[in-house]
Amino acid sequence: MSARGRAIAAVVLRRLIAAAWHTRCGLRRGQRRRQAVALQLRLACEELGPTFIKLGQLASVRPDVFAPETVFELERLRDRVPPVPIDAVRAILTAEFGASPDTVFASFDTQPIATASIAQVHAARLARPYRTVAGATLAAGSRVAVKVVRPGIEATIEADLAVAQRWARRLERVSRIARLRPGALLEEFRRALASEVDLRNEGRVADRFARDFADDPLIAVPRVVWRHTTRRVLTTEFADGWTLDKLDDAHRSGIDARRLAAHGAEVFMRQVLVHGRYHADLHPANLMVTTDGRICYLDFGITGRTTPAQRIAIAQVLAATVYGDAARALHYSRLLGLEVTEEQAPAVHDAVAALMREHLGRGERPDIRGFALGFLGMLADFRIAIPAGYGLLIKALVTVEGVAQAIYPDIDIVDSARPFATRLIAAQLARPERLQERVPAAVRAALAELLA
């Protein structure tokens, strides 16, 4: 075993012992015990560095595979890495551009404004005007953000993944773990990481998001400066404002926080249910409220997609959920692929109704996260597998709640979602030819029934 393999094994063993200690001592039971195990997994990822932080972040958008406690704990993964020395950054820029950054840019700040496991970001100013893909012109002297891949990160990822692949092959011999297909899952994550390390992919996704929301006056997406973008460097328009982790009451006083929060929630649902591509890494440092009162999306390294059929089916589950209709929510969930037997259906219905009353009732502000954890736990109790599309819906709802509350803490996200859900379904019904092409008859019938 390599030195890196031994180091990884030591961290994993130590975290497993810590998790086992909680279990053997009886300090945590049931859900709290699972949360303790998930915590040790997150701490292990952070301790093991960039590759495992990214693997954990990718796992956090797969509630169809991992336990809810694991998914929501891994959402908290944060990069804690020292900045790359400026000489190494300059060397990368010179190699990529064929010229010193002092000649490429009018100015280049030596101190990074953000550091992460894959790359770090520096502020700079354009030496010459630039016309974006959308036709806007950035004048000479305009501030830009220059994202530079950390030196040697590709080799680090490959070495760590080779170790992880050997572990995955061993885990596939364990019957309780084999059903997760760890080898195939790791290969999926390998492809995602390879895509993220090539910053041109992030630039293309950012341009698509900018097109999707070009007509929305409350949404901003920094425009890509392709002239200064390569595989290892991404240059974008600079966004002025406050990331959500730094947004305080003083900042909120200058904006319509309630309107912005409700709109931000709707925009995320539009990503999932209308455009079919969504930002899958919406932690507070990746969202900004700009100085002119818009929501700005940053860092498109991790995104997800939904098919047309998934979008339609998910919309129906969303609508039934926000209107508190357990019977319809269960009905549409089964259309989406939730395999509930006829024998299970009455008990599952009662459990869903109870969760809705407990977490989504009108008496006080709804608790989407509590509902999601309870729902996923209920499915586990009934041994019901979670379809990928359904896990996406639950993750989306929790994400929407967290983002909206970071902007306006008192928002009622369920109440805010109702108008959008109704408009979306009405729009789907207005295009029957698309429904005929893309979704089964049962889903088309369910759409009509919902608005009956």
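For the chain, take N as its residue count and report Rg(C-alpha) divided by 2.2 N^0.38 Å. Display every interim value, and only then the final one.
Working: Rg = 23.1 Å, N = 452, 2.2 N^0.38 = 22.5 Å.
Rounded to two decimals, the normalised Rg is 1.03.
About the Cα centre, and with charges only on the beta carbon of Lys, Arg (+1) and Asp, Glu (-1), how big is the dipole of the range 250-431? Nearest 20 debye, please.
The calculation lands at about 600 debye.
Apply the Karplus curve 6.51 cos²θ - 1.76 cosθ + 1.60, θ = phi - 60°, to the phi angles in the range 294-301 and return the couplings in whole Hz, x for Gly and Pro.
For the range 294-301, the Karplus-derived couplings read 10, 8, 10, 8, 10, 6, 9, x Hz, x marking Gly and Pro.
When you count, for each residue, the other Cβ atoms within 10 Å and take the mean per peptide, how do 66-73, 105-112 rank with the highest first?
With the highest mean Cβ count within 10 Å placed first, the list reads 66-73, 105-112.
Cα convex hull of the range 270-414: mean projected area in nm², to one decimal?
On the way: hull surface 36.2 nm².
About 9.0 nm², averaged over all directions.
Could you grab the relative contact order for the chain? Cα pairs under 8 Å, six or more apart, rounded to a whole percent.
So the answer I get is 13 percent.
Below 8 Å between Cα atoms, with a sequence gap of 6+, how large is the relative contact order for the range 1-145 in percent? Present the calculation step by step, with values, prior to reporting the outcome.
Working: 176 pairs, mean separation 20.8, N = 145.
Once divided by the residue count of the range 1-145, the mean separation gives 14 percent.
With just the Cα atoms of the range 81-238, tell me how far they stretch along each of the three principal axes, in Å, largest first.
Reported extents, whole Å, longest axis first: 61, 41, 23.
Given the DSSP H assignment, sum -39500 (n - 2.57) over each helix run of at least 4 residues in the chain and divide by its residue total; what's the result at 222 nm in deg cm²/dmol, nearest 500?
-18000 deg cm²/dmol
Looking at Gly374, Gln344, Thr399, which one has the Cα that reaches farthest to the positive end of the dipole of the range 336-421 (charges on Cβ: Lys, Arg +1; Asp, Glu -1)?
Thr399
Values in this text are rule-based calculations from the coordinates and carry no lab data. Owing to the predicted nature of the structure, the values given are computational and were not obtained by experimental measurement. Every residue, glycine as well, gets a Cβ built from its backbone with ideal geometry; the counts of neighbours run over all protein chains shown.
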